[in-house]
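K.L.:
One structure is given below, represented as structure tokens, and several questions about it will come after.
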């Protein structure tokens with residue numbers, strides 16, 4: 001269990017932070033090269049494109065970890081806790097099933113992209129699009145944990161424990 005937690009932390013926290021740093025650095029250097037030295041860099045553009053996709057999807061998985069995605073909570077928060085749990089179970093189950101059904105074709109497509117290489121750096125597109133199945137796997141795993149906790153709270157009445165958000 002500790003190995004799984006380490007890998008998930010590595011992907012969601014650390015790798016997404018590294019890609020965010022690479023994105024910031026490549027965009028900063030692009031601006032400097034283009035407007036100070038009048039030398040645009042297509043290499044840095046590709047690096048920023050790749051790092052943006054990885055940052056967004058790994059960051060979304062990280063936000064899912066804390067149930068911190070954008071939702072319309074106006075009505076939801078006014079409902080009793082048991083009704084909220086039923087709504088969460090329905091949506092988490094539906095989204096998990098959709099991701100599981102979509103996973104095999106996404107993997108096939110991602111592996112197919114190894115034939116296509118980026119224009120400048122020559123990196124196979126597989127490395128760009130593999131962030132999607134990794135995101136899907138992280139979210140499915142997280143949803144299964146949430147479903148277990150939601151069902152346990154609904155049945156036994158024990159409040160669900162969620163990790164403390166590091167940004168509050």
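K.L.:
Restricting to Cα pairs below 8 Å that are 6+ residues apart, what does the relative contact order work out to for the chain? Please round to a whole percent. Working shown, then result.
P.N.:
On the way: 134 pairs, mean separation 39.5, N = 168.
Here the relative contact order equals 23 percent.
K.L.:
Something else about it: Once R0 is set to 25 Å, what does the formula 1/(1 + (r/R0)^6) return for the Cβ-Cβ distance between residue 101 and residue 70, expressed as a FRET efficiency to the nearest 0.05? Please report the intermediate quantities before stating the final value.
P.N.:
On the way: r = 24 Å, r/R0 = 0.95.
Step by step, r from the Cβ atoms, then E = 0.55.
K.L.:
Continuing with the same structure: Using Cβ counts within 10 Å as a stand-in for footprinting exposure, how do 108, 34 rank, fewest first?
P.N.:
Working: 108 10, 34 14.
Lowest count first: 108, 34.
K.L.:
Average projected area of the Cα convex hull of the chain, in nm²?
P.N.:
Details: hull surface 51.3 nm².
Result: 12.8 nm².
K.L.:
So what's Rg/Rh here for the range 1-74, counting alpha carbon atoms and using the Kirkwood radius for Rh? Walk me through the numbers before you get to the answer.
P.N.:
Numbers: Rg = 16.2 Å, Rh = 13.9 Å.
That ratio equals 1.16.
K.L.:
By how many nm would the segment from residue 27 to residue 126 grow when fully extended, if each residue of separation counts as 0.36 nm and the alpha-carbon distance is taken off?
P.N.:
Values: separation 99, 0.36 × 99 = 35.64 nm, distance 2.26 nm.
Contour length minus Cα-Cα distance gives 33.4 nm.
K.L.:
Pop a pseudo-label 7 angstrom from the Cα along the beta-carbon direction at both residue 144 and residue 60 and give the gap in nm to one decimal.
P.N.:
So the two model labels end up 2.1 nm from each other.
K.L.:
Between residue 113 and residue 7, what is 0.36 nm times their sequence separation minus the Cα-Cα distance? Round to one decimal in nm. Display every interim value, and only then the final one.
P.N.:
Numbers: separation 106, 0.36 × 106 = 38.16 nm, distance 2.52 nm.
Value of the extension gain: 35.6 nm.
K.L.:
Now for a separate question. Multiplying the sequence separation of residue 81 and residue 163 by 0.36 nm and subtracting their Cα-Cα distance, what value in nm do you get? Show your work: numbers first, answer last.
P.N.:
On the way: separation 82, 0.36 × 82 = 29.52 nm, distance 1.88 nm.
Here the segment from residue 81 to residue 163 would lengthen by 27.6 nm.
K.L.:
Roughly how far apart, in whole Å, are the Cα centres of the range 77-134 and the range 1-62?
P.N.:
Answer, in whole Å: 19.
K.L.:
Cut-off 10 angstrom, C-alpha nodes, Gaussian network model of the chain. Which of 36, 86, 22 fluctuates the most?
P.N.:
Checking each option, the largest mean-square fluctuation is seen for 36.
Each value in this text was obtained by applying a stated rule to the coordinates, not by laboratory testing. All of these numbers come straight from a predicted model, not from anything done at the bench. Reconstructed Cβ throughout: ideal geometry from the backbone, glycine too, with neighbour counts over all protein chains shown.
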